[in-house]
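J.: Structure incoming, see below.
The values are calculated or read from the model by the stated rules, or taken from the named source; none is laboratory data. Quantities reported herein were computed from a predicted structural model and do not represent experimental measurements. FYI the Cβ positions are ideal-geometry reconstructions off the backbone, even for glycines, and counts take in every protein chain you see.
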Amino acid sequence: MKYVLMFTARPDLLESVDPARAEEVYGRVYQWFGDNAAHLADSGAELHPVATATTVKSGDDGPVVVDGPFNEAKEVIGGFSVLDVADMDAAIAIAKTWPQLELPGIAVEIRPMVEDYSQFE
């Protein structure tokens, strides 16, 4: 089964991390991708900082384009990957090894992907 891992962060909490420590942890991310290559259906992508985001959302007169992510969001998505593993337990086990979980405000959201759309017919 395929699962999307969304790597989230709280920029306000990351500001307090020593830059050398952040760089050391970030360096282990590449190794994580190598270690888990057999389970990655799509390595995904790292996203540019949230300050570069644009959001299209519904407005009174139709879609509205605004700068940035959702106004209320404290956590931002920094990237994503797609795992292909047996079940949620396997996805959780891999997500728990994400190196950046050592830093404050980091989380990995796991969601099963819809692969069979016939269930919606």
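J.: Of the conditions (1) closer than 15 Å to Pro11 by Cα; (2) assigned to a helix (DSSP H, G or I); (3) touching a residue at least 60 places away in the same chain (Cβ under 8 Å), Leu101 satisfies every one except a single condition; which number is it?
T.: (3)
J.: Related question: State yes or no: is Ser43 hydroxyl-bearing (Ser, Thr, Tyr) and either touching a Pro at 6+ places or on another chain (Cβ under 9 Å) or farther than 25 Å from Val82 by Cβ (or both)?
T.: Spelling it out, it is not the case that Ser43 is hydroxyl-bearing (Ser, Thr, Tyr) and either touching a Pro at 6+ places or on another chain (Cβ under 9 Å) or farther than 25 Å from Val82 by Cβ (or both).
J.: Cβ-Cβ distance below 7 Å, separation of 6 or more or different chains: which pairs start in segment 30-55 with a residue that is within 23 Å of Glu75 (Cβ to Cβ) and in contact (Cβ under 8 Å) with a residue 60 or more places away in the chain and end on one that is among the aromatic types (Phe, Trp, Tyr) and surrounded by 12 or more Cβ atoms within 10 Å (Cβ to Cβ)?
T.: Trp32/Trp98
J.: So, one more: Condition test on Ile92, is it in contact with a strand residue (DSSP E or B) (Cβ under 8 Å, 6 or more places away or on another chain), touching a residue at least 24 places away in the same chain (Cβ under 8 Å) and either among the β-branched types (Val, Ile, Thr) or part of a helix (DSSP H, G or I) (or both)?
T.: No; evaluated as a whole, the condition is false for this residue.
J.: Among Val17, Val82, Val108, which is in contact with a helix residue (DSSP H, G or I) (Cβ under 7 Å, 6 or more places away or on another chain) and either surrounded by 14 or more Cβ atoms within 10 Å (Cβ to Cβ) or touching a residue at least 24 places away in the same chain (Cβ under 8 Å) (or both)?
T.: Val108
J.: Here is a follow-up. Just to check your reading of the model, which residue among Arg21, Arg10, Arg111 is touching a Gly at 6+ places or on another chain (Cβ under 6 Å) and basic (Lys, Arg)?
T.: When all the criteria are applied, what remains is Arg10.
J.: Next question. Among the candidates Val82, Val56, Val66, which residue alone is touching a strand residue (DSSP E or B) at 6+ places or on another chain (Cβ under 6 Å), at pLDDT 95 or above and in a strand (DSSP E or B)?
T.: Val82
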